[in-house]
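In what follows, a structure is listed as structure tokens, so that the remarks can point back to it.
Laboratory data are not the source of any read-out in this text; all were calculated from the coordinates shown. Note that the coordinates shown come from a computational prediction; the quantities given were computed from them, not determined experimentally. Because the Cβ atoms are built from the backbone with ideal geometry, glycine has one as well, and the counts that use them run over all protein chains shown.
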Amino acid sequence: MPEMYDRLGGPDGVRTAVSVFYQRVVADPELSPWFEGIDLDRLQAHQRAFLAAAFGGPQVFSGRSLSQAHAGLEVTDAAFDRIVETLMTALDDLGVDQQAVVAVGERLEAVRGEIVTAGPGGDLGSGAAAGAGAAAAPGAGSGGCAGAVSAGAIPSAATS
């Protein structure tokens with residue numbers, strides 16, 4: 001797994017990816033409501049530590065579990081998919097190799113059940129309570145990013 005951390009660019013790559021990712025999230029009218037009122041600097045620091053630990057880098061993450069961090073947020077499948085797509089597109093746009101981008105998407109797909117807390121169906125949701133620990137929140141329908149991940153497809157920036 002340390003290889004994955006290195007393929008993402010190590011600490012500088014993770015820092016840049018998280019920064020670009022959150023710039024896009026807050027600029028997206030469908031995603032930004034999930035993060036209203038959230039201390040984004042704190043969330044980005046938390047996200048960097050989480051991603052580093054998840055992909056074989058320094059193990060400094062000491063936050064809540066994914067299920068605890070997303071409890072009560074009513075994250076929908078659509079919201080989860082949109083966030084994953086946004087992250088994958090950011091990584092692709094930053095020049096992370098396709099295989100590593102797909103691996104990130106697969107890793108996130110594997111934890112969908114810990115993050116998606118809303119019932120089946122639904123749209124992106126209001127995001128009223130979202131973002132407190134949201135590493136992944138938005139997307140496009142039940143299991144929507146699974147097909148893109150397994151096919152190795154990266155959504156274009158125009159569709160994100």
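Quick notes on this one:
- Placing pseudo-labels 7 Å out from each Cα toward the beta carbon at residue 27 and residue 41 gives an inter-label distance of 2.2 nm.
- C-alpha center-to-center spacing [region 8-28, region 52-104] in angstrom: 11
- Approximate spin-label separation residue 3-residue 118, in nm, with each point projected 7 Å along Cα-to-Cβ: 3.8
- Modelled spin labels at residue 15 and residue 65, positioned 7 Å past Cα toward Cβ, are 3.2 nm from each other.
- Annotation: amide H-H contacts under 5 Å for residue 61 (H modelled 1.01 Å from N, sequence separation of 5 or more, or interchain): 53.
- Total formal charge among the other residues, if their Cβ is under 12 angstrom from that of residue 99, Lys/Arg +1 and Asp/Glu -1: -3
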